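The values are calculated or read from the model by the stated rules, or taken from the named source; none is laboratory data. None of the values given here were measured: they were computed from a predicted structure. Here Cβ is always computed from backbone atoms with ideal geometry, including for glycine, and neighbour counts include all displayed protein chains. Heads up: the accessible areas ignore ligands, DNA and RNA and are worked out on the full protein's heavy atoms, side chains in. Shrake-Rupley method; radii C 1.70, N 1.55, O 1.52, S 1.80 Å.
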Amino acid sequence: MTNTALYLRLLGYVRPYRGVFAAGIAGMVIVAATEPVLPALMKPLIEGTFIDKDPAVMRWIPFAIVALFLVRGLATYLAVYATGWVGSRVVADLRNAMFARLTALPASYYDSEPSGNLVSRLTFDVTQIAAAATSVLTVVFKDSLAIAGLLAYLAWLNWPLTLLALAMAPLIVLVVRSVSARLRASSREVQDAMGYITQVIDEAIGGHRVVKLFGGQDYEKRRFDEEANRVRRHVMKQIAAAAASTPVVQLIAATALAAIIWIAAVQSSAARLSVGEFAAFVTGMLLLTAPLKRLTDINEHLQKGLAAAESIFRLLDEPPEEDRGTVSIGRARGEVRFERVALTYAGAARPALAGVDLAIAPGETVALVGPSGAGKSTLANLVPRFYRPTAGRVLLDGHDIESLTLASLRANVALVTQEVVLFNDTVAANIAYGAMHGAGERAISAAAEAAHALEFIRALPEGMATMVGENGVRLSGGQRQRLAIARALLRDAPVLVLDEATSALDAESERHVQAALDALMRGRTTIVVAHRLSTVENAGRIAVLDRGRIVELGTHRELLARGGLYARLYRVHFSGTGGAGAPAAGERQALSGGR
């Protein structure tokens, strides 16, 4: 995208506030229009006051000067306030648009994009745009008008000297153009570096327990120091480029000004230029230096803003999650079928799934087991359409899920994973999350009770109104898991996906969570992604995956009797030599089929 197209797109976010922006422009026009008035006052001030001793001039000149700066002050306030207001609105609108796009992006996008880069775009990059969207435009507009007005007045006063002043313009343009490319490149580098530093901060905060336990403080400090210094180096490149342009431009302007003053002094001594005209011309030339300096300096903010705009619009242009479905099925019965399903992740050497066929009846529980990387979670993630198969299809109640609207499909699916996601909100808000936000207190309490969570919720300081902290940090693992199950119970979806919801829990917590899961699974089609074989004995059928294919399918007893992959996994898991440790007596009895 060209600079012009990029800037015009950026100005599209200013358009909704064109009324306020126009008020700011009006203030700038007044400031720019009054710029030549001060040098124009110099001639009557010097000649009428100090040479002619005119009493009338001596009376009105002070009032004129005060009136001039009063008008300019009010106009400047209007311009600054209006453009600042518009700039803050543009930043807020862009942040909202970026966040809305983030919530609409497919799961595959998050697999490849570091979260630190996304946070940096929302927090750092977008603030760079405010100056480019409003301040740059206003400075260019105001100072261009001021320069045009001053040059017009100077040309009227003495056009040969004004032509000499204009001779410096091409040199200034060359300086600005040579600096622009360097500023843009360094701005991109700063934005990338800020993404990395945000990532380091996010990882260190999120994993603070691991950092402390394994003595990683020095390592994390070194990482942060490296990234912070990388940001500093790129910022210094910006500063060096910007700092070099300003004195060069000022030197060119000062050289031209010195030559003009010398010629004007010669003309004055030859009586071709009066003292008042000489003072007015020099004042006008001096007043030209300030807007010229601002126009030169604004290039830095413009290049930063355009580099940030590239980053932001790249995110906004990411294609959202496709929703081409047109069918809304209401509440499904829960029949799920996988027909010749294959999926290959972008950049992967081999397919994650290859020709999977599996039919799950309404209300049936099917467990997915297999070695790490066999495709268990990938297969389960196809049901809510987090990923799309590259071949084959997935059906819900006989409908290809591609034909269903995302809202209709996901309203029929509930998900409980080992990694529980809770938000820094109240217990009630975490249970009645999203589309369930309007659920009544009685329904929330019923879901919590069914999830075996009501007892510990009542013991919390504020009950349902207790804040759980970031990702439920104030709760135990079992309590967090039961809140997630209560959320799924309140959703009351006919299809349930469980991704090892009881792993990493102590025996007491696992007992409560398993009882809650039993209540949740009752009457629902359930797909259980199992990493621990001790959790699948109650499944109606077990599908054993290996290298993206279902290699065995049957009940726990049938699969053990066959002596295939499932039986080998069982022996490794419980032999004590496979690294998993021996099961408890109750687990051995359950896994061997004795109940």
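Brief remarks follow.
- Under a model in which nothing but the beta-carbon of Lys, Arg (+1) and Asp, Glu (-1) is charged, segment 6-70 shows a dipole of about 440 debye around its Cα centre.
- Segment 424-469 versus segment 120-172: alpha-carbon centroid distance in Å: 59
- Using a simple spin-label model with pseudo-atoms 7 Å out from Cα toward Cβ, Ser108 and Leu163 lie 6.6 nm apart.
- A Förster distance of 45 Å, applied to the separation of the beta-carbon atoms of Val71 and Ala465, puts the FRET efficiency at 0.20.
- Residue ranges 556-563, 85-92 sort as 85-92, 556-563 when ordered by packing (mean number of other C-beta atoms within 10 Å per residue, highest first).
- On a per residue basis, the chain carries 49 Å² of accessible surface, using protein heavy atoms and a 1.4 Å probe.
- Of all DSSP beta bridges in the chain, antiparallel share, percent nearest 5: 50
- Measuring only protein heavy atoms, the 1.4 Å probe finds Glu227 accessible over about 40 Å².
- Set the Cα radius of gyration of segment 409-559 against 2.2 N^0.38 Å, with N its number of residues, and you get 1.08.
- Distance between modelled label sites at Arg340 and Ala244, nm, 7 Å Cα→Cβ extension: 6.3
- Residue-span extension gain [Thr4 to Met58] - 0.36 nm each, minus C-alpha spacing: 14.3 nm
- Close Lys pairs in the chain (alpha-carbon distance under 29 Å; sequence gap of 8 or more, or different chains): 12.
- Apolar share of the accessible surface for the chain: 60 percent from carbon plus sulfur atoms, 1.4 Å probe.
- C-alpha center-to-center spacing [segment 282-334, segment 5-25] in angstrom: 12
- Difference of contour (0.36 nm per residue) and Cα-Cα distance, Lys221 to Ala407: 62.5 nm
- FRET efficiency, Ala155 to Asp93 (Cβ-Cβ, R0 45 Å, nearest 0.05): 0.55
- For segment 426-441, the Karplus equation 6.51 cos²θ - 1.76 cosθ + 1.60, evaluated at θ = phi - 60°, returns couplings of 6, 4, 4, 5, 6, 6, 8, 8, x, 5, 8, 4, x, 5, x, 4 Hz by residue, with Gly and Pro reported as x.
- Mean residue ellipticity at 222 nm, helices only, the chain: -19500 deg cm²/dmol; runs of at least 4 DSSP H residues each add -39,500 (n - 2.57), and the sum is divided by the number of residues.
- Amide H partners (placed H, <5 Å) of Asp499, local residues excluded: Val416, Thr417, Gln418, Val529
- Which label in (i) 15, 35, 24, 15, 9, 2, 0; (ii) 17, 42, 30, 11, 1; (iii) 15, 40, 34, 9, 1, 0 gives the computed P(r) over Cα pairs in 20 Å bins from 0, in percent: (i)
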